[in-house]
Amino acid sequence: MISRSHILHSQVKKQLLTMEPKDIPKPRWSVGSNSGLQYGSFANSLSSLTPRAEEDEKPGISPRRAYIAVAVLCYVNLLNYMERYTIAGVLANIQQFFDIKDSTAALIQTVFICSFLLLAPLFGYLGDRYNRKYIMIGGLSVWLLTAAGSSFVTASHFWLLMLLRAMVGVGEASYSTIAPTIIGDLFVGTQRSTMILVFYILIPVGSGLGYILGAGVATITGDWRWALRITPILGVLGLVLLVFLCPNPPRGAAETHGEGVTGKSSYLEDVKYLLKTKSYVWSSFGVTATAFLTGALAFWMPTFLSRAQVSQGLQPPCVKEPCNPTDSYIFGAVTVVTGVLGGCLGSGLSRWFRDKVPNADPIICAIGLLGSAPCLFITIFVASASIPATYVFIFFGEVLISLNWAVMADILLYVVIPTRRSTAEALQISVCHLLGDAGSPYLVGAISDAVRGSRSATFDLNFRSLKYSLLICPFVGLLGGLFFLLSSFYISDDRKAAMQLVEGDPPPQQGPEPHMELNNEDKSSNYANNVSVNI
């Protein structure tokens, strides 16, 4: 007896075989555990059901608009990091104004990073499911208000400064988790690597400009508070540009030629998927080590250099504000130059070796961190003898660390599927800040206070205590290099698996399936067979 399903199968197949290829319905890309289909199932493969010529169709967002969107996102990212490190540029003034020790001063950065890392998973969850543009606009509005408000705190209300700095983290958490995923949905391949390079190279550039801007404005106005007001003023322009010029592209638009990928997986399923992606896990620990290094060095190095010069008798100690801003200027300029140089060098090496060495990206990151460790070690000890030599080794150390900025961001985008990238960014941010720069400035300050102990503080003792506390940085650099080396063992397989999930081919663990090239004549037959399977 012929079953009803067999009759229905025959009817559907006959009808579809008589259709022209252009009339065949095009299924929407769908990636999610609740869809009833496995990742990579044939029914999810748009590329295998449409003619090759359709790959050349224009995506929904024009290249010109995509480039403008990246420019806006980069501008806001620049302001993000300028604002974050303006505090470090005027740290000596803040310590004088509030009369606080090293460990207490470091809490200003720690509370900001803590709120940042705690809120990142929330915005990652929202970013994978709701309108990313609206989320960024809301977060940036909070950032502008609280950053500007922190400049009006009086000397007797240090707790209020801490609270407002914590609220600044709300804005940065919403932006930093989402903006890279939008770039990932606008570009693919070499173009994506280039755009990610531009976006992430503005981290050291913005950090360096933050020192320069903070110290410069404090010197010109004679009031460190004005240093905290400049970036919010510039941020208003960024908010307007974000509203009018930044799109919210379909997730996975770049990989699917504008079609997009949808998903219905739960947050727990997303986390399980990410934890099974070993290259993502190990590279996240490598990113954490990088964050620890940059957080500690960015916050304390200008102060360390200033104390070194006071210890050598090259400049008078700061006994009242405004303090000498020279070291903030120089260190800021070095950070900008090394950020651009290191970021471009790392991205260039990645593009040069990626086709020749499949696991080149984590190896480049490992070399950067492992190479920076001896440079930082020498920097710490040579500072008591020669300031010029100190800056030379700071330069080489920061160039090596900066090799990582664009490369490690690109790793996440190509080993994680589009519908889980915001969650991946959020979890990586949470881990890298929780174990990285949330605690590193405070840890260095606390060790410095412990080394100083109950002895009477002298200018030489202040320098030596901070010098020994910074020794933790080279060891963390070595550890981070090992994490990236571990990631290199898994990255090739994880990248192939992610591509197969998006393109619709079965994952490796499901067994091999012959590659099929569909021409216009047999597309209808294959589509009919696929429909019958679902029936």
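The values are calculated or read from the model by the stated rules, or taken from the named source; none is laboratory data. On a predicted model such as this, the values are computed, not experimentally measured, just so you know. FYI the Cβ positions are ideal-geometry reconstructions off the backbone, even for glycines, and counts take in every protein chain you see. The accessibility values were calculated without ligands, DNA or RNA, using every heavy atom of the protein model including side chains. Shrake-Rupley method; radii C 1.70, N 1.55, O 1.52, S 1.80 Å.
Residues of the stretch 302-361 that are assigned to a helix (DSSP H, G or I) and of a type in the set (Lys, Arg): 307, 351.
Scanning the stretch 448-502 for residues being touching a residue at least 60 places away in the same chain (Cβ under 8 Å), among the aromatic types (Phe, Trp, Tyr), open to solvent by 30 Å² or more (accessible area, probe 1.4 Å) and part of a helix (DSSP H, G or I) gives a total of 3.
Each row is one residue, and each column tells you yes or no for (1) over 16 Å from residue 91 (Cα atoms); (2) in contact with an Asp or Glu (Cβ under 8 Å, 6 or more places away or on another chain); (3) of a type in the set (Phe, Trp, Tyr).
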| residue | (1), (2), (3) |
| --- | --- |
| 131 | yes, no, no |
| 136 | yes, no, no |
| 168 | yes, yes, no |
| 176 | yes, yes, no |
| 192 | yes, yes, no |
| 214 | no, no, no |
| 219 | no, no, no |
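Among the candidates 73, 79, 144, 126, the residue that is open to solvent by less than 30 Å² (accessible area, probe 1.4 Å), within 30 Å of residue 265 (Cβ to Cβ) and in contact with a helix residue (DSSP H, G or I) (Cβ under 7 Å, 6 or more places away or on another chain) is uniquely 73. Got a sec? Which of 202, 228, 197, 209 is open to solvent by less than 40 Å² (accessible area, probe 1.4 Å) and under 17 Å from residue 91 (Cβ atoms)? Just one listed residue meets the conditions, 228. Filtering the stretch 410-424 to residues that are open to solvent by 10 Å² or more (accessible area, probe 1.4 Å) and either closer than 23 Å to residue 112 by Cα or out of contact with any helix residue (DSSP H, G or I) (no Cβ under 7 Å at 6 or more places or on another chain) (or both) leaves only 419. Is it true that residue 168 is in contact (Cβ under 8 Å) with a residue 24 or more places away in the chain, open to solvent by 10 Å² or more (accessible area, probe 1.4 Å), under 28 Å from residue 132 (Cβ atoms) and within 18 Å of the chain's Cα centre (by Cα)? Considered against the rule, which asks whether it is in contact (Cβ under 8 Å) with a residue 24 or more places away in the chain, open to solvent by 10 Å² or more (accessible area, probe 1.4 Å), under 28 Å from residue 132 (Cβ atoms) and within 18 Å of the chain's Cα centre (by Cα), residue 168 comes out as no.
Residue 389 fulfils the conditions (1) under 25 Å from residue 345 (Cβ atoms); (2) open to solvent by less than 10 Å² (accessible area, probe 1.4 Å); (3) of a type in the set (Gly, Ala, Ser) except for a single criterion, (2).
Considering every residue within the stretch 105-117, establish whether at least one is closer than 24 Å to residue 226 by Cβ, open to solvent by less than 10 Å² (accessible area, probe 1.4 Å), of a type outside the set (Val, Ile, Thr) and at pLDDT 85 or above. Looking for residues that are closer than 24 Å to residue 226 by Cβ, open to solvent by less than 10 Å² (accessible area, probe 1.4 Å), of a type outside the set (Val, Ile, Thr) and at pLDDT 85 or above, one finds none in the stretch 105-117, hence no. Filtered by the rule that a residue be assigned to a loop (DSSP other than H, G, I, E, B) and either of a type in the set (Lys, Arg) or out of contact with any Gly (no Cβ under 7 Å at 6 or more places or on another chain) (or both), the stretch 81-103 gives 99, 100, 101. Restricting 357, 392 to residues that are more than 23 Å from the chain's Cα centre (by Cα) and at pLDDT 90 or above narrows the list to 392.
If residue 92 satisfies all but one of (1) small (Gly, Ala, Ser); (2) open to solvent by 30 Å² or more (accessible area, probe 1.4 Å); (3) modelled with pLDDT of 80 or more, what's the number of the condition it fails? Every condition holds for residue 92 apart from (3).
Considering the stretch 318-333, the residues that are of a type in the set (Ser, Thr, Tyr) and closer than 13 Å to residue 88 by Cβ include one that is modelled with the lowest pLDDT, namely 328.
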